[in-house]
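Participant: First, the structure itself, so that you have it in front of you.
The values are calculated or read from the model by the stated rules, or taken from the named source; none is laboratory data. Just so it is clear, the model here is predicted, and its values are computed rather than measured. Glycine gets a Cβ as well: all are built from the backbone with ideal geometry, and neighbour counts include every protein chain shown.
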Amino acid sequence: MPLLTYLKQRARRLKAETFALYLAARHPGTPWYAKLFVAAVVAYAFSPIDLIPDFVPVLGYVDDLILIPLGIALAVRMIPAPVLAECRARAQQVKRVSWTAAVVVVAIWVGLAALGIVWLYEALK
């Protein structure tokens with residue numbers, strides 16, 4: 001299998017798993033600590049802003065290639081198996097794009113950036 005095909009399949013699986021985790025975070029059978037961790041991983045995975053910007057050579061893709069899959073793997077271990085199986089099945093049935101969630105994530109990042117700029121401006125005054 002060519003590398004590009006393999007990487008595309010892997011990316012699709014990660015996206016499906018991330019959506020299943022999103023559903024698991026809203027499931028009543030998921031423990032509160034798992035919900036908190038899953039929410040953080042899913043928000044970071046869907047966020048357009050990275051911890052390390054992608055334009056930084058080599059290091060820019062570290063979070064996409066290592067941090068997100070590690071976070072997903074840890075989150076999967078925190079969720080009870082029956083809950084995760086149910087959420088994976090629901091994730092495969094539902095194929096939709098949540099623009100509302102995207103707008104909320106972008107708004108949070110923009111707000112945090114604005115607060116950081118104001119704080120920096122006040123500190124350098």
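Participant: Spot the failing condition for Ile52; the list is (1) in contact (Cβ under 8 Å) with a residue 12 or more places away in the chain; (2) in contact with a Leu (Cβ under 6 Å, 6 or more places away or on another chain), and only one is missed.
Facilitator: Failing condition for Ile52: (1).
Participant: Right, here's the next one. When only residues in the stretch 3-53 that are surrounded by fewer than 16 Cβ atoms within 10 Å (Cβ to Cβ) and of a type in the set (S, T, N, Q) count, which is farthest from Asp64 (Cα to Cα)?
Facilitator: Of everything passing the filter in the stretch 3-53, Thr5 is farthest from Asp64 (Cα to Cα).
Participant: Tell me whether the stretch 73-94 contains one or more residues that are assigned to a helix (DSSP H, G or I), touching a Pro at 6+ places or on another chain (Cβ under 9 Å) and not β-branched (Val, Ile, Thr).
Facilitator: Yes, the stretch 73-94 has at least one match.
Participant: Taking into account only those residues within the stretch 52-86 that are modelled with pLDDT of 85 or more and either of a type in the set (Val, Ile, Thr) or touching a Lys or Arg at 6+ places or on another chain (Cβ under 6 Å) (or both), which is farthest from Ala24 (Cα to Cα)?
Facilitator: Ile72
Participant: Just one of Leu36, Leu14, Leu23, Leu7 is part of a helix (DSSP H, G or I), in contact (Cβ under 8 Å) with a residue 60 or more places away in the chain and farther than 18 Å from Trp109 by Cβ; which is it?
Facilitator: Just a single option satisfies the conditions, and that option is Leu23.
Participant: Could you list all residues from the stretch 87-99 that are surrounded by fewer than 12 Cβ atoms within 10 Å (Cβ to Cβ), under 16 Å from the mean Cα position of the chain (by Cα) and at pLDDT 75 or above?
Facilitator: Trp99
Participant: If you don't mind, there's one more thing I want to ask. Might you check whether a residue that is of a type in the set (Phe, Trp, Tyr), more than 17 Å from the chain's Cα centre (by Cα), over 22 Å from Asp50 (Cβ atoms) and outside the structural domain of Ala40 (by TED's automatic domain parsing) occurs anywhere in the stretch 100-119?
Facilitator: No.
Participant: Does the stretch 100-125 hold any residues that are assigned to a helix (DSSP H, G or I), surrounded by fewer than 10 Cβ atoms within 10 Å (Cβ to Cβ) and not β-branched (Val, Ile, Thr), and which are they?
Facilitator: The answer is Tyr121, Glu122, Ala123, Leu124.
Participant: Now for a different question. Give me a count of the residues in the stretch 45-61 that are part of a helix (DSSP H, G or I) and under 16 Å from Ala11 (Cβ atoms).
Facilitator: 3
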